[in-house]
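The values are calculated or read from the model by the stated rules, or taken from the named source; none is laboratory data. Here the structure is a predicted model, which means the values were calculated and not measured. With ideal geometry, Cβ positions are generated from the backbone for all residues, glycine too; neighbour counts draw on all protein chains shown. Quick note on the areas: whole protein, heavy atoms, side chains included, nothing else; ligands and nucleic acids left out. Shrake-Rupley method; radii C 1.70, N 1.55, O 1.52, S 1.80 Å.
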Amino acid sequence: MRDLDETSITDEVLQAISGTPDPRTRQISEALVRHLHAFIREIEPTQAEWEMGIDFLTRTGKMCSDVRQEFILLSDTLGVSMLVDAINHRHPEGATETTVFGPFFVEQRPEYPLGGNISEGVEGKPMYVSGVVRDTAGKPIAHATVDSWHSDDEGHYDVQIRDHLAMRGKFRADEKGRFWFWSVRPKFYPIPDDGPVGEMLRMQGRHPFRPEHVHFMISAQGYETLVTHVFIEGDRYLDSDVVFGVKNSLITNYKECQPGIAPDGKQMDRSYLALHYDFVLSAEK
Ligand code: BEZ
Ligand code: FE
């Protein structure tokens, strides 16, 4: 293992890791070396560019904390998160499509009864959200757990600007798989772009926006947990989502509703938007 050069070094590194005992670790290590070396051969970085790359990754790591995961943002904005999602969710025909989880889910989210209002005092256009959770045969899934979270009408999540949780909640669907709750309309928003990922986006001439959406995570015993969003027709960023998460089947429209008795029997003295989406879970593998 001496006098290695541009042409011989890759095989030598592959040889060095060929004894990795765990087969999956060996496969991953070998692929990483092959692709990394091919990348370097393709771009032929200067020493200064190599240092810039190391500095970028170092700062990406240093930006990470309990409430900020810059490496996931990097994965999201390079399309890697959606590629991993696609590979892991080759769902049967008919199941609701998945999309990115995102960094704004909170484990300690509040639980609400059906019909509860998760806006917790945040101002905005009232939004009535409802849907039915079914299996791929069309049978309602009784008592499915439905989690939802979204931004306010200026595109901020509670955890970004507020001292209390809002616009997020956990519900238990009824015996017919139905759920419904109240909140306020979200808005398109920029992903956190004050770190290395934001720098990268600017260098690539890209905007940091995601189209308006409501997140859902739906689970039930015996089914794959569904992580997805519902997007709104007409949003200006549907065709340029910075994290590549939009799927046609997840886009729907609000229904404009006038003051009066809402579907859950609530008397509304203001107009409101109704967002209805039915979800289909695939059976656990
Ligand atoms: C989100 O939708 O919450 C999100 C997803 C990926 C990156 C940033 C935010
Ligand atoms: Fe989001």
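Heavy-atom accessible surface of GLU107, to the nearest 10 Å², is about 120 Å², with a 1.4 Å probe and all protein chains retained. The HN-Hα couplings worked out from phi for the range 147-160 by the Karplus form 6.51 cos²θ - 1.76 cosθ + 1.60 (θ = phi - 60°) are 10, 9, 8, 6, 8, 7, 7, 10, x, 9, 7, 3, 5, 7 Hz, whole numbers, x standing for Gly and Pro.
Distance distribution P(r), the chain, all Cα-Cα pairs, bin width 10 angstrom from 0: 6, 23, 29, 21, 12, 6, 2, 0, 0 percent. Note on surface exposure: LEU4, LEU36 rank LEU36, LEU4 by accessible area, highest first, 1.4 Å probe. Counting only protein chain heavy atoms and rolling a 1.4 Å probe, the accessible areas of LEU201, LEU57, LEU114 rank, largest first, as LEU57, LEU114, LEU201.
Modelled label positions at GLU111 and ARG236, each set 7 Å beyond Cα in the direction of Cβ, lie 4.2 nm from each other. Could you tell me which of rounded, prolate or oblate describes the range 41-157, using a ≥ b ≥ c as the square roots of the eigenvalues of the alpha-carbon gyration tensor, with rounded for a/c under 1.5 and, failing that, prolate when a/b is larger than b/c and oblate otherwise? Oblate, because a/c is 1.5 or more while a/b does not exceed b/c. The candidates MET200, MET1, MET63, arranged from most to least accessible area with a 1.4 Å probe in the full protein assembly, appear as MET1, MET63, MET200.
Count neighbours as other Cβ atoms within 10 Å of each site's Cβ, and list the GluC sites (Glu not before Pro) in the range 186-285 that are DSSP loop with at most 15 such neighbours. Listed in order of number, the matching sites are GLU233, GLU284. Could you work out the percent of alpha carbon pairs in the range 1-44 separated by over 13 Å, rounded to a whole number? Counting every Cα pair in the range 1-44, those more than 13 Å apart make up 55 percent.
Label the range 107-197 by shape, choosing from rounded, prolate and oblate, from the square roots a ≥ b ≥ c of the eigenvalues of the Cα gyration tensor; if a/c is under 1.5 it is rounded, and otherwise prolate applies when a/b is larger than b/c, oblate when it is not. Prolate shape, in that a/c is at least 1.5 and a/b is the bigger ratio. Annotation for the range 17-75 versus the range 122-151: alpha-carbon center distance of 39 Å. Only Lys, Arg, Asp and Glu carry charge here, each on its Cβ (+1 for the first two, -1 for the last two); on that basis the range 1-68 has a dipole of about 420 debye about its Cα centre. For the range 203-208, 3J(HN,Hα) computed residue by residue from phi via the Karplus equation (6.51, -1.76, 1.60; θ = phi - 60°) reads 5, 8, x, 10, 7, x Hz, glycine and proline entered as x.
FRET efficiency for the pair ARG2 and GLU44, taken as 1/(1 + (r/R0)^6) with r the Cβ-Cβ distance and R0 = 35 Å, rounds to 0.90.
Close lysine pairs were tallied over the range 80-281: pairs 8 or more places apart or on different chains with Cα atoms under 25 Å apart number 18.
Which percent of the accessible heavy-atom area of the chain goes to carbon and sulfur, probe 1.4 angstrom? Carbon and sulfur: 53 percent of the exposed surface of the chain.
What does the net charge come to around ASP264 if you take all other residues with beta carbon closer than 12 Å to its beta carbon, with K and R at +1 and D and E at -1? Neighbour charge sum, excluding ASP264 itself: +1.
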